[in-house]
1. For the cross-link pairs Lys111/Lys159; Lys13/Lys119; Lys34/Lys75; Lys13/Lys111; Lys119/Lys159; Lys75/Lys111, which exceed 18 Å when the distance is taken from alpha carbon to alpha carbon?
2. What helices does the chain have that are whole DSSP H segments, at least 20 Å long along their own axis by Cα, and with mean Kyte-Doolittle hydropathy of 0.5 or more?
3. Work out how much length Asn156 to Val56 would gain on full extension: take 0.36 nm times their residue separation and subtract the Cα-Cα distance, in nm to one decimal.
4. So what's Rg/Rh here for the range 1-147, counting alpha carbon atoms and using the Kirkwood radius for Rh?
5. 7 Å from Cα along Cα→Cβ at both Leu127 and Glu24: what's the point-to-point distance in nm?
6. Would you mind calculating the relative contact order of the chain from Cα pairs under 8 angstrom and at least 6 residues apart, reporting the percent as a whole number?
7. Dipole magnitude of the range 2-160 about its Cα centre, charges +1 at Lys/Arg Cβ and -1 at Asp/Glu Cβ only, in debye to the nearest 20?
Amino acid sequence: MDEIIAEFQSESKTLIGQLLEILEGIEDGTYPYKRLEEYGQLIDRIMGTAKSLAVVSEELKEPFEAIGTYGELCKVVSYRASQIVGNDSLCAIVVGLLLDATEMLSEMVDKLSVQLNVKGFMSSTFLDRVRWVSSQFGSDLRGTLQSGLPQNEIDNLLKALGV
């Protein structure tokens, strides 16, 4: 099990570094909307791996599921935001939110263990920001690359995380 955790942590940290580079590039004004979609594609890899490991690891099922769901939350926010072209203020808010979220994900990955409490990483201020950003997205925005998701998808993911 230690080997699986170490491999997941190593791969995730590499991807988290790339996620932070994307977000920092957006702050510099580099193709923000397309880059938010790239962010979603990269975090999807962490999400998918965590959810797959939850299926095969009874001991770490809950922590891997929580990290997977948290990654999915970040993915949905980034995909929805990637479709709001021309609202630089909202884009800047989303980028700030995702920077905080990515740093929290990094801490979760670092502290991966049976006792991982994902809720403990999310302050009430962070949750309020997620809910506010979610309220700014129209119901016509998709939460994935393939198809649309209901507007309440973000709320459902927060519930799955126990908040």
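Computed from the coordinates by the stated procedures, all read-outs in this text should not be read as laboratory data. This is a predicted model, so every value here is computed, not measured. As a convention, Cβ positions derive from the backbone with ideal geometry for all residues, glycine included, and neighbour counts pool all protein chains shown.
1. On the way: Lys111/Lys159 22 Å; Lys13/Lys119 20 Å; Lys34/Lys75 14 Å; Lys13/Lys111 12 Å; Lys119/Lys159 11 Å; Lys75/Lys111 21 Å.
In this structure, Lys111/Lys159; Lys13/Lys119; Lys75/Lys111 exceed 18 Å between Cα atoms.
2. Values: long enough: 2-27 (37 Å, 0.15); 32-56 (37 Å, -0.12); 61-81 (30 Å, -0.18); 88-110 (33 Å, 1.12).
Membrane-span-like by this rule: 88-110.
3. 33.6 nm
4. Numbers: Rg = 15.0 Å, Rh = 15.5 Å.
With Rg and the Kirkwood Rh in hand, the quotient comes to 0.97.
5. Placing both labels 7 Å beyond Cα along the Cβ direction yields 3.1 nm.
6. Details: 182 pairs, mean separation 40.2, N = 163.
Normalised by residue count, the contact order of the chain is 25 percent.
7. Numbers: 14 positive and 25 negative charges, 105 e Å.
My answer is approximately 500 debye.
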